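A quick write-up on the structure given underneath.
What follows is calculated from the coordinates using simple rules that are stated; it is not laboratory data. All values derive from a computational prediction rather than experimental measurement. Every residue, glycine as well, gets a Cβ built from its backbone with ideal geometry; the counts of neighbours run over all protein chains shown.
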Amino acid sequence: MLDSVVSAETPEGILLEMRPAGLSARFCAIVIDKLICTAILYAAIFIAGILGGIGIGFWLILAFLLEWGYPIYFELGKRGATPGKRAMDLKVVMDNGLPITPRASITRNLLRAVDFMPFAYGAAIFCMLLRPDGKRLGDLAAATLVVHLPRPAPKATLDMVAPVAPAKLLAPRDQAAVISLAARAPTLTVERLDELAALARSVQGEEPREPSEVTRRVLGVAQWLLGRRA
């Protein structure tokens, strides 16, 4: 993910790190939402044909609601995102990381008409490319931000590695340290685990290896110390 990280402090003093969505992710989200709305409108044509003149009025009202009410309805929901944004793991929040307010959602979506100018969202694209936080004009006016949803990092466990005999005789204290690291592995991020495993790299040999390989072999040594040989 190449987007810049934006930090915001909540009223409780908690620092939040958010990753603004870039142009490509938001473009894909818009395409998905437009396809959904288009499919609904095409399906409504058959209903409108059955209803006659009233059906035309019904179709026009539906088109209006989909154009302006569709994004507001979903942004004010629990997930804070339209189906297209959810498919791309995006969410609309306030600049401070709090859920979007009704006023902000209405403002940012009404200004889509300005962002569309002069054609094909030219103003929005120009603005987003100039800003590290990827805001369009509607986001600037509403003080909102479209961010990537945080993804939990994969956790390492002993079951994921094969036992490896230590490269040297380990003192009881060193054995306990390696086993303790392995026990903590599921609670650590991949980066932090690699950092700690590098401190114990001598137990698996001194030859140069990638950080992930060092971690895997250190955890394998922990398996071996626990008496697992298969």
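Treating the angle as unsigned and between 0 and 90°, give the value, to the nearest 10°, between the Cα long axis of helix 211-225 and the longest Cα principal axis of the chain. Taking the Cα atoms of the chain, the angle to 211-225 is about 50 degrees.
Between Leu199 and Tyr73, the simple label model (points 7 Å from Cα in the Cβ direction) yields a spacing of 5.5 nm. Computed over the Cα atoms of the chain, pair by distinct pair, the Kirkwood hydrodynamic radius stands at 21.6 angstrom.
Extending 7 Å from the Cα toward the beta-carbon at both Ser7 and Glu213 defines two label points whose distance is 3.6 nm. If you count Lys pairs in the chain whose Cα atoms are under 26 Å apart, skipping same-chain pairs closer than 8 places in sequence, the total is 9.
With springs only between Cα atoms under 10 Å, which of Val93, Val218, Val147 fluctuates most in a Gaussian network model of the chain? Looking only at Val93, Val218, Val147, the biggest GNM fluctuation is shown by Val218. Take the Cα radius of gyration of segment 172-226 and divide it by 2.2 N^0.38 Å, N being the number of residues; the result is 1.00. Helix 53-64 and the longest principal axis of the Cα set of the chain meet at an angle near 40°. For an R0 of 25 angstrom, estimate the FRET efficiency from the Cβ-Cβ distance between Ser180 and Arg229 and round to the nearest 0.05. The computed FRET efficiency comes out at 0.75. When the chain is treated as a GNM with alpha-carbon contacts under 10 Å, the residue of Glu213, Glu75, Glu17 showing the greatest mean-square fluctuation is Glu213.
Computing FRET efficiency as 1/(1 + (r/R0)^6) for Lys168 and Glu17, where r is the C-beta to C-beta distance and R0 is 35 Å, gives about 0.30.
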